[in-house]
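Taking it in order: structure first as structure tokens, then the write-up.
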Amino acid sequence: MELPSIGDKVKELKTKMPFVRDKKLRYIPDEEYEEFWEAVYEVLHRTGIFNPPVRSKFSTKINPYFGFFGDRWDPETAEPGSFHIGIDIEGRRKTKIRSVANGVLEYAGYGVINGNYIMLSHPQIASEDGYVLHSLYMHLRDLDVKFSSYQKMLREISLRSYPQIPVAADAVIGTIGDSGQSRYPKGYVHMHFHLEFRNKEGNSIFIDPARILGLEASHNITSEIKSRKQFVDMYVRNRKDVFERKLDAIWAPFIKPSK
């Protein structure tokens, strides 16, 4: 599927995430072109080629406080308006993770921030201006697809063009864990999943994966939080849910201990 040009309908991603230290350019959809992006989401969803990365009750597993695409209160730096580039899916350890669409393995390994992660390209979905869709699955426990040592050598020699390892849609590629450095308390078991269009220069356009997977547009509950008091008040209103999701450690520095 070839989409129209998308690189001229974006705005620069402003975030304090660690990856901003490199020189690659990162973008998100520009609200000025809301109708265009709505059409893109609708077209991609209607293709029917995308499946959720986890099978059971997918829509209920997205962290409602910090886990949707878009602005949120940063769970690590405690700053408002931090843009989240994907969705965070809660689950038990060893929950199977599946490829959301037919793809090609681009990377499977470990990163300090991402933990155990997998990146797939989906060359069947590209734009006129040279952006190709990629999916990333982070903080995994196990990796069920990977390159052998020999294949890694060939990849380096061929500038990552050979060998091409196909990954079928809905194939098990790993399991949920808590590896790497996420912005949640240690032991919070989840997977960060995002979709991005990449071009040959390595520049990225992040898009909302929930929309392509058929969910309604959603916002993080913390997206409107501007102050410490508002953050504490949210905990008071949602204490039971926060505790059950094992997110109480995020609020702990702001809550006065009971006497």
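Overview of results
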read-out	value
Residue count for the range 41-62, restricted to those that are small (Gly, Ala, Ser) and either outside any loop (DSSP other than H, G, I, E, B) or closer than 12 Å to PRO209 by Cβ (or both)	1
Selection count where residues are free of Cβ contacts under 8 Å to residues at least 40 places away in the same chain, part of a helix (DSSP H, G or I) and closer than 17 Å to PHE69 by Cβ, scope the range 214-251	1
Every pair of residues 6+ apart whose Cβ atoms lie under 9 Å, when the first sits in the range 75-92 and is more than 18 Å from LYS229 (Cβ to Cβ) and polar (S, T, N, Q) while the second is modelled with pLDDT of 90 or more and surrounded by fewer than 20 Cβ atoms within 10 Å (Cβ to Cβ)	SER82/ASP71
Verdict on PHE193 being at pLDDT 95 or above, out of contact with any Asp or Glu (no Cβ under 6 Å at 6 or more places or on another chain) and of a type in the set (Phe, Trp, Tyr)	yes
Any hit, the range 137-160, residues being polar (S, T, N, Q), surrounded by fewer than 16 Cβ atoms within 10 Å (Cβ to Cβ) and closer than 30 Å to PRO4 by Cβ	no
The range 64-88, residues that are in contact with a Lys or Arg (Cβ under 7 Å, 6 or more places away or on another chain), in a loop (DSSP other than H, G, I, E, B) and within 18 Å of HIS194 (Cβ to Cβ)	PHE66, ASP74, PRO75, GLU76
Search result, residues across the range 157-197 that are more than 19 Å from the chain's Cα centre (by Cα) and more than 27 Å from LEU44 (Cβ to Cβ)	ILE157, SER158, LEU159, TYR162, PRO163
Qualifying positions in the range 104-114 - buried (at least 21 other Cβ atoms within 10 Å of the Cβ) and either hydroxyl-bearing (Ser, Thr, Tyr) or within 22 Å of LYS61 (Cβ to Cβ) (or both)	ASN114
In the range 89-127, residue farthest from the chain's Cα centre (by Cα) [restricted to those that are more than 14 Å from GLY177 (Cβ to Cβ) and assigned to a loop (DSSP other than H, G, I, E, B)]	ASN102
Some residue of the range 108-121 being in contact with a Pro (Cβ under 6 Å, 6 or more places away or on another chain), touching a residue at least 24 places away in the same chain (Cβ under 8 Å) and over 19 Å from GLY187 (Cβ atoms)	no
GLY130 being on the phi > 0 side of the Ramachandran plot, in contact (Cβ under 8 Å) with a residue 40 or more places away in the chain and outside any strand (DSSP E or B)	yes
Among the residues listed as THR222, THR175, the single one being over 30 Å from ASP144 (Cβ atoms), of a type in the set (Val, Ile, Thr) and at pLDDT 95 or above	THR222
Test: residue in the range 27-36 that is surrounded by 12 or more Cβ atoms within 10 Å (Cβ to Cβ) and more than 29 Å from ILE225 (Cβ to Cβ)	yes
Condition broken by ILE173, with the remaining ones in (1) loosely packed, with under 13 Cβ neighbours inside 10 Å; (2) hydrophobic (A, V, I, L, M, F, W, C); (3) not in a loop (DSSP other than H, G, I, E, B) satisfied	(1)
Selection status of TYR65, out of contact with any strand residue (DSSP E or B) (no Cβ under 7 Å at 6 or more places or on another chain), surrounded by 14 or more Cβ atoms within 10 Å (Cβ to Cβ) and free of Cβ contacts under 8 Å to residues at least 60 places away in the same chain	no
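Residues checked against (1) surrounded by fewer than 18 Cβ atoms within 10 Å (Cβ to Cβ); (2) within 21 Å of LYS61 (Cβ to Cβ):
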site: ARG183; (1), (2): no, yes
site: GLY187; (1), (2): yes, yes
site: HIS194; (1), (2): no, yes
site: ASP208; (1), (2): no, yes
site: GLY214; (1), (2): yes, yes
site: ILE225; (1), (2): no, no
site: ARG228; (1), (2): yes, no
site: ARG239; (1), (2): yes, yes
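The values are calculated or read from the model by the stated rules, or taken from the named source; none is laboratory data. Predicted model, so just to flag it, every value in this text is computed and none were measured. As a convention, Cβ positions derive from the backbone with ideal geometry for all residues, glycine included, and neighbour counts pool all protein chains shown.
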